[in-house]
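S.K.: Got a structure for you, written out below as structure tokens; questions coming shortly.
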């Protein structure tokens, strides 16, 4: 049977920003992005210098000015170690304010941060670090007590010479993915486009949003889709490394938005039983490609219902994406909570179906957009196999209806 590629017009994308225009390669792009992620962040630092940028429960509280200054000193320390433009700096540290300082320090040094989840087995983490050809590893020396002394420190330094098309972040797929973790190259344009898309789709405010981020920061869904968009609007990222502190944090830190994975939310619900938090206005549940086929729809609906009891005034969002799409691509809210629904394309993401039944609305989901990677790191064979032109093959079987709503394929 022949394979068909059927595109779904962007006109069906209800959450599309006006600055998007189609390039010569057919991909929609934002026309008014800053040249680099560091420039966007620098603007926000000067605009919201005295506002809290990061709050770690049981740890530091940093304003934008303090965060930027400390990150620039780490960048200076990296420079003294010979790290500069285009080098790779692996970040393998527990979630916390120090992780964010290290990540930003790597960016400001002109290097490319390589995200290495601190929960990975040593053998897998070492494989990722080796594959990335990392020139330096920020790992804190292996103990929480050593983190403050382990990070490089020198005179403040900021490398601001990057451009949209240059590599800005190296993010690896999950260890359980086919063939093991693969490095995904994300450019400044990929990151800035994803940030713009999330801010627009979720209608994030600029008057001081306080976002409790419970997602792993070493994944695209955490750093690209929650941390960076919160910084882009001058918001405050609140981190609660101890799950037992979440309930108290929601009240004491005046949280407006909570973001986590469905699995994390399910684990937190017993501790939130009996609470009714009307201040929270956004609840964002982030899924990714690896969870799609195995998702238990009935259990997900139970979690959604219980979250509505705890956050009665909140708009509930579900955002789906892959590392290769900067963690975004599809979104749905309470208005589109149909059974098996993954959501609608948003921002610059466009969809297509691939397979013999694509013209009937069923097949493998393909994505393209300014947030989609161009290639895998040092892996031309996988790049060739996972792309048809500018279309990325997600590997997931779905259906798309006439309104553009994407649903999981039902098991036979």
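S.K.: Determine, for 256, 333, the number of other Cβ atoms within 10 Å of each Cβ, and report the residues in order from fewest to most.
M.R.: 333, 256
S.K.: Something else now. What residues of region 55-83 lie in the reach of a label at residue 160, counting those whose backbone N is under 18 Å from a point 7 Å from the Cα along Cα→Cβ?
M.R.: Taking a point 7 Å out along Cα→Cβ of residue 160, the residues of region 55-83 whose backbone N falls under 18 Å are 64-76.
S.K.: Report relative contact order for the chain in percent, whole number only (criteria: Cα-Cα under 8 Å, sequence separation at least 6).
M.R.: 18 percent.
S.K.: Now for a separate question. Antiparallel DSSP bridges in the chain: what percent, to the nearest 5?
M.R.: Looking only at bridges with both residues in the chain, the antiparallel portion is about 55 percent.
S.K.: Okay, next question. Give the relative contact order (percent, whole number) for region 48-125; include only Cα pairs under 8 Å separated by 6+ residues.
M.R.: Computed over region 48-125, the figure is 29 percent.
S.K.: Could you give the C-alpha radius of gyration of the chain expressed as a fraction of 2.2 N^0.38 Å, taking N as the number of residues it contains? Walk me through the numbers on the way to the answer.
M.R.: Details: Rg = 20.4 Å, N = 412, 2.2 N^0.38 = 21.7 Å.
After normalising by residue count via 2.2 N^0.38 Å, the value is 0.94.
S.K.: If you don't mind, there's one more thing I want to ask. Dividing the alpha-carbon Rg of region 143-278 by 2.2 N^0.38 Å yields what?
M.R.: On the way: Rg = 17.4 Å, N = 136, 2.2 N^0.38 = 14.2 Å.
The reported ratio for this selection is 1.22.
S.K.: How much length would be gained if the chain were fully extended between residue 269 and residue 378, taking 0.36 nm per residue of separation minus their Cα-Cα distance, in nm to one decimal?
M.R.: Difference between extended and current length: 35.1 nm.
Bear in mind that the values in this text are calculations on the coordinates, not laboratory data. Every value quoted in this text rests on a predicted model; they were computed, and no experiment measured them. Neighbour counts run over all protein chains shown; Cβ positions are idealised from the backbone, glycine included.
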